[in-house]
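Everything below concerns the one structure shown next.
The values are calculated or read from the model by the stated rules, or taken from the named source; none is laboratory data. Every value quoted in this text rests on a predicted model; they were computed, and no experiment measured them. FYI the Cβ positions are ideal-geometry reconstructions off the backbone, even for glycines, and counts take in every protein chain you see. For the accessible areas, the whole protein counts, side chains as well, though only heavy atoms, and no ligand, DNA or RNA atoms are used. Shrake-Rupley method; radii C 1.70, N 1.55, O 1.52, S 1.80 Å.
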Amino acid sequence: MPPAAERAPWGWLAAGRASRRLVLVVVFVALLLDNMLLTVVVPIVPTFLYTTEYKGTNSSVAPAQPEPAPPALKAPPFSSVFSYFDNTTVTVLGPRSAMGLANWTESSRPPQPPTNSPPLPSGCPEGEEFLAEENVRVGLLFASKALVQLVVNPSVGLLTNRIGYHIPMFIGFTIMFVSTVMFAFSGTYTLLFIARALQGVGSSFSSVAGLGMLASVYTDDFERGNAMGIALGGLALGVLIGAPFGSVMYEFVGKSSPFLVLAFLALLDGALQLCILQPSKISPESTKGTPVTTLLRDPYILIAAGALCFSNMGVAMLEPTLPIWMMQTMCSPKWQLGMAFLPASISYFIGTSLFGILANKMGRWLCSLVGMVVVGISLLCVPLAKNIYGLIGPNGGLGFAIGMVDSSMMPIMGYLVDLRHTSIYGNVYAIADVAFCMGFAIGPSTGGAIVRAIGFPGLMIIIGVINIAYAPLCWYLRSPPAKEEKMAILSQECPMQTRSYVAQKPLRDFPLSDDSDVEAEHVE
């Protein structure tokens, strides 16, 4: 084989590693798989726990009732009457004998099982008290991922500043793969809880490193906004596919099947990272990033993080509570529990794809403000639904509005660091992911308890009003000021630019003549 042919694949690989688009593809796939695993468990866990714990316990505890033997048939009392007409004796029933016959016929019938309560409609689950308690348990299980991610994110931000983004991305893939396999073969609440918490560690590495890598590769603000919109499209597509895919596969194939498919896709993502990112390569940032504590004192970063937190908290509260509410009020089958989130997922995908470009033109602050108002209104309309078709409008509006907020706030985070701090993005996207995770930690963990206390409609009113009340704060992101310290940092990073403003000696033509030095002295 000629040497040129041997070098061709390696040349393609080297070109791929230098391509910003392939980096975007890697981040897109990582966010896609992370959020597929995030939502695929939403319709599976409530029904799986109900089936294994409530029904299993009742079937094992209830003693086998022996069928009572039919009582011995007693001859009914009769009386004899002698007929003088034809000298015969006729057997007849007397008044008391008629009552005895009635009792005899009743006692001769086989006993009917007692009915303690009226039968439930077809498809409605039993055990109202168990379902009420399951709201809390399922909420804590879903929140465990975000709580762990909340703790790990700051450490990942510091790690990316020291060793770069490539190795943390691959660590995230490895942990996500282990978590997915655990979900496939976990049969108890405890193992599911551990798998969900482990997913939080992997998600922290993937999301912080991935978003930071995009921000460092796409330095132009407009291009960065478009890239973030595409990457969030992967997140949206994962949310879009996850819940319906999980409910259909669980209903018709089995619990392990959706997780095994995700594990296979995760292996493909790992192979893609090995080829493109070179995860064995350590590439620390040349400039020290702004500390997390300094970024957390920036009011504009806090406003953007709050918008991410509260807008996503609404759908986070829906994830554990909406399927159980549907089981109680709509008697929904398993496949509908995941399909209820389909309108939100589709509209979120449309929103992130559309406003990744449009938000830069209309103003990202305005896009986020309108999005939070629509989030609040949509949440207030969710309890008005009487069947699954009534959820299409509210859930669709909710997903579209969250897409508006996410596609606006993620680029703003990078822009605020460029404008007011050092342009190192690991820490700021750790804060963005912390805000996202706070919504998914506080939402499910408190949502179940609030539903148990005041009901599902009350929960939707609380979180809807919070979103509408927070929306006006986005106005402050309209034109955030740059700090004077930022100009000093830029002058230290780019000393040649600062010298360019100083009057310099005129350039002399080549070749130099004997009189050139004299001419230069006269010019000075």
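Taking a ≥ b ≥ c as the square roots of the eigenvalues of the alpha-carbon gyration tensor, the range 321-456 is classed prolate because a/c is 1.5 or more and a/b outweighs b/c. Of the peptides 149-162, 29-42, the ranking by mean beta-carbon count within 10 Å, highest at the top, reads 29-42, 149-162. Ranked from largest to smallest solvent-accessible area, with a 1.4 Å probe on the protein heavy atoms, 478, 137, 21 come out as 21, 478, 137. The H on the amide N of residue 42, modeled in the peptide plane, is under 5 Å from the matching H of no residue at least 5 residues off or on a different chain.
Overall shape: prolate for the range 155-301, with the ratio a/c of the largest to smallest alpha carbon gyration tensor axis at 1.5 or above and a/b above b/c.
What a 1.4 Å probe finds exposed on the range 326-456 is 72% carbon and sulfur by accessible area, rounded to a whole percent.
Per residue, the range 202-275 exposes an accessible area of 32 Å² to a 1.4 Å probe, with every protein chain left in place.
Rounded to the nearest Hz, the phi-derived 3J(HN,Hα) couplings of the range 193-210 under the Karplus curve 6.51 cos²θ - 1.76 cosθ + 1.60 (θ = phi - 60°) are 5, 5, 4, 5, 5, 5, 4, x, 5, x, 5, 4, 4, 5, 6, 5, 5, x, where x marks glycine and proline. The string of couplings for the range 440-456 from the Karplus curve (6.51, -1.76, 1.60, θ = phi - 60°) is 7, 8, 5, x, x, 5, 8, x, x, 5, 5, 4, 5, 7, 10, x, 5 Hz, one whole number per residue in order, with x for Gly and Pro. In order along the range 462-474, the phi-based Karplus estimate (6.51 cos²θ - 1.76 cosθ + 1.60, θ = phi - 60°) of 3J(HN,Hα) comes to 4, 6, x, 5, 4, 5, 5, 5, 7, 3, x, 5, 5 Hz; Gly and Pro are listed as x.
Per-residue packing, averaged as other Cβ atoms within 10 Å, sorts the ranges 453-461, 408-416, 185-193 into the order 408-416, 453-461, 185-193, beginning with the highest.
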